[in-house]
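Engineer: Please read through the structure below; I'll follow up with questions.
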Amino acid sequence: MNILFISDRFPANGGIETVTRTLANAFVVQGYSVVVCYRVKSKSEFVDNRVEQYQFPKTSQSKRIDIYSQENIDFLRNLIVEKKIQILINQHAFNKYYNDLCKKAKRGLDVAFIQCHHFTLFWFMYSKPRIYLPVFLLRIYGFLATLHVTSMVIKNSDKLIFLSESFVKQCKKMFPWKNLNSVIAIPNPMPSFNIQPINFSQKENIILYVGRMAENEKRMSIIIKCWSMICNKYKDWKLVFVGDGPDMEKTKKLAKNLPRTYFKGYQDPRNFYLASPIFLMTSSHEGFGVTLIEAQNNGCVPVAMDSSSSFHDIIKNGENGFIVQNNNKKAFIEKICLLIDNTELRERMARNGMESVKKFSVENIVEKWNNVISPNSTERL
């Protein structure tokens, strides 16, 4: 089986790149031939040397519209033919430029087209408006835009893959008159699975955030606000941010007068997960929330605001983490304090999380993919 991934950046930058790299590495181990074609070469991470990598000839660091050029269409088409590609996987299903690029490049060729959407279904609701409109009109616009784009993507795809069954259900409610057997859910895999036992006595008094420093998406200001209300009560605890992004300096300014607040920048978060017993998620929206399963895998209990239905695929509230009402800072603080005050509860929930997260292992997720792409699959394209 010959597979070609389309990714905006590769091999590392965020969740999409991590998933692409993880799946590509896993597929070549299984004997598949894998090619990755990308717009921007990003931070270096391990990629199996059997994975072939190509950069589109016409690219721009800032303008994605450049990706949809005749030069790139011809390049991708030639790559599909030369490498005898059978499965084309676009990791940016709802991006018009990538959608049209793939559609034109594969026209007339015998290649199955899978598109993956890595965000919440109603992502238009959270995109920055280009013109000023009242909130209720923005919501109407967001819904209609989602309806239109989703319909086009379904029409152009042999399979459309969401990250959660809850998104599939939402999609089917939007189009009750359509046969949507081509719309399925496959969660993101755990990039690196920890199989070593966790020594909970070596956990430090750290409350952890891992992710991009982008306020509109991640809402780090909520974490800062909540920490400001409890930092004087828990003077032997500290707050640690791991990650980088456009709002790093702005977030640092918000935390300027807060004690024991540290910004570690972009780096491998594994040692931070291992050292921390509590993890915070305050995103305005997420497609899946890989950092939640990374935290659980390392014995770090998540407290998340209920901003994505996919969180419920990961967290069983009160068993392996907490999900509180979105924007409810009081409830969010209460759960953080509950975990700080109760070591036994933290450890029990952490152990539950380490067990439940096994369903997101690379082996289990690749098996789901094999049910879609393998020649003998019952869900064949």
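The values are calculated or read from the model by the stated rules, or taken from the named source; none is laboratory data. Keep in mind it's a predicted model, so treat the numbers as computed, not measured. No Cβ is skipped: glycine too gets one built from the backbone with ideal geometry, and neighbour counts run over all protein chains shown.
Engineer: From the list Ile198, Ile224, pick out the single residue that is free of Cβ contacts under 8 Å to residues at least 40 places away in the same chain, out of contact with any Lys or Arg (no Cβ under 7 Å at 6 or more places or on another chain) and surrounded by fewer than 24 Cβ atoms within 10 Å (Cβ to Cβ).
Structural biologist: Exactly one of Ile198, Ile224 is free of Cβ contacts under 8 Å to residues at least 40 places away in the same chain, out of contact with any Lys or Arg (no Cβ under 7 Å at 6 or more places or on another chain) and surrounded by fewer than 24 Cβ atoms within 10 Å (Cβ to Cβ), namely Ile224.
Engineer: Exactly one of (1) in a helix (DSSP H, G or I); (2) out of contact with any strand residue (DSSP E or B) (no Cβ under 9 Å at 6 or more places or on another chain); (3) among the β-branched types (Val, Ile, Thr) is unmet by Ile198. Its number?
Structural biologist: Going through the list (1) in a helix (DSSP H, G or I); (2) out of contact with any strand residue (DSSP E or B) (no Cβ under 9 Å at 6 or more places or on another chain); (3) among the β-branched types (Val, Ile, Thr), Ile198 breaks only (1).
Engineer: Right, something else. Restricting to region 291-323, name every residue that is β-branched (Val, Ile, Thr) and within 14 Å of Glu217 (Cβ to Cβ).
Structural biologist: Residue satisfying the conditions is Thr291 alone.
Engineer: Only one of Ala350, Ala295 is surrounded by 18 or more Cβ atoms within 10 Å (Cβ to Cβ) and either over 25 Å from Ile161 (Cα atoms) or outside the structural domain of Asn216 (by TED's automatic domain parsing) (or both). Can you tell me which?
Structural biologist: The conditions single out Ala350.
Engineer: I'd like to verify a number: residues in region 87-108 that are assigned to a loop (DSSP other than H, G, I, E, B) and under 26 Å from the mean Cα position of the chain (by Cα), how many?
Structural biologist: 5
Engineer: Right, something else. Do you know which residues across region 328-354 are in contact (Cβ under 8 Å) with a residue 40 or more places away in the chain and closer than 24 Å to Thr120 by Cα?
Structural biologist: Matches in region 328-354: Lys329, Phe332, Gly353.
Engineer: Is there any pair linking a residue in region 1-19 that is without any contact (Cβ under 8 Å) to a residue 40 or more places away in the chain and not assigned by TED's automatic domain parsing to the domain that holds Lys41 to one that is β-branched (Val, Ile, Thr) and crowded, with 19+ Cβ neighbours inside 10 Å, with Cβ under 6 Å and at least six apart or on different chains, and which?
Structural biologist: none
Engineer: Scan region 93-106 and tell me whether some residue there is among the aromatic types (Phe, Trp, Tyr) and touching a Cys at 6+ places or on another chain (Cβ under 7 Å).
Structural biologist: no
Engineer: Go over the candidates Lys235, Lys252 one by one and state the one that is touching a Pro at 6+ places or on another chain (Cβ under 9 Å) and either on the phi < 0 side of the Ramachandran plot or not assigned by TED's automatic domain parsing to the domain that holds Pro302 (or both).
Structural biologist: Testing whether each residue is touching a Pro at 6+ places or on another chain (Cβ under 9 Å) and either on the phi < 0 side of the Ramachandran plot or not assigned by TED's automatic domain parsing to the domain that holds Pro302 (or both) leaves just Lys235.
Engineer: So, one more: Can you find even one residue in region 47-55 that is within 27 Å of Val210 (Cβ to Cβ), buried (at least 21 other Cβ atoms within 10 Å of the Cβ) and in contact (Cβ under 8 Å) with a residue 40 or more places away in the chain?
Structural biologist: Taking every residue of region 47-55 in turn, none turns out to be within 27 Å of Val210 (Cβ to Cβ), buried (at least 21 other Cβ atoms within 10 Å of the Cβ) and in contact (Cβ under 8 Å) with a residue 40 or more places away in the chain.
Engineer: Would you mind telling me which numbered condition in (1) modelled with pLDDT of 95 or more; (2) surrounded by fewer than 19 Cβ atoms within 10 Å (Cβ to Cβ); (3) under 21 Å from Glu165 (Cα atoms) Ser377 fails?
Structural biologist: Condition (1) is where Ser377 drops out.
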